[in-house]
Each structure stands twice: as C-alpha cells, then as structure tokens.
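One structure is given here, and the rest of the page talks about it.
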Amino acid sequence: MFELKDLFWLALTGAICLFWWRGQKVREIALKQARKSCNEMELQLLDESVALRAIWLKRDEDGQLHIWRRYNFEFTSTGDERYAGQVVMLGYRVTGIDLPPHRIG
C-alpha cells in the first residue's frame, strides 16, 4: 500500500496545485482592476496581462495572515510610450493600484 513518504509527496503536490490555482484567481482579480483603472483614466492596457513581481506573507487590519502579491502591468496614454503600473493584492483584496505620471493623449 502507501508508505508515509508517498502520502507526504501526494499532500505536497496537492498543496502546490491548490496554491497555484488560488494564485490564478488572484491574478484574474488584479487584471480586472488594472483594466478598470485604465478604462477610467482613458488609458490602454498593453498586452492585456499582469505579471507577478513580488510575493510575501502579511497581516491584514484584523491580524489575519494573507499572501501579499504585487503585479506589474504596462499601459499607454498616447500609443507612443509604455508606462509601468502596479496592482497590490492582499489575499483576494486589492489594496492599492499605482499608475505613475504619464502624458495625456
């Protein structure tokens, strides 16, 4: 039958898959927020994607531990230059979005 090490590897594989699956949901939320912010400011989200740039463990206001993630994305206002923006997530919640100064088209 199964040995203890087999159960360990099965549990580890399952935990990694669950972490990845939940991370995809968080990434979708970050992408929606980047799209929304760009649309509100009449900017174009380039590549229609966000990229994970940092991950850490942080506590929220209630002291609960969550995974903190920072996603980068690129946008343009005139079509000539690319600017880098950021979406910061704590768990499934957007805690900040940064759109640096850019030209107005």
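Which members of region 70-92 meet the condition of being under 14 Å from Ala30 (Cβ atoms) and not in a strand (DSSP E or B)?
Answer for region 70-92, where residues must be under 14 Å from Ala30 (Cβ atoms) and not in a strand (DSSP E or B): Gly91, Tyr92.
May I ask you to verify whether Ala51 is assigned to a helix (DSSP H, G or I) and under 15 Å from Gln86 (Cβ atoms)?
Taking the combined requirement at face value, the residue does not satisfy it.
Condition test on Ile67, is it surrounded by 14 or more Cβ atoms within 10 Å (Cβ to Cβ) and in a strand (DSSP E or B)?
For Ile67, the condition - surrounded by 14 or more Cβ atoms within 10 Å (Cβ to Cβ) and in a strand (DSSP E or B) - is met.
With respect to Asp47, is the statement that it is without any contact (Cβ under 8 Å) to a residue 40 or more places away in the chain and loosely packed, with under 10 Cβ neighbours inside 10 Å true?
no
A short reminder: the numbers here are calculations on the coordinates, not readings from a lab. Treat the numbers as computed from the prediction; the structure is a model and nothing was measured. A quick note on method: Cβ atoms are made from the backbone with ideal geometry, for glycine too, and the neighbour counts reach across all protein chains shown.
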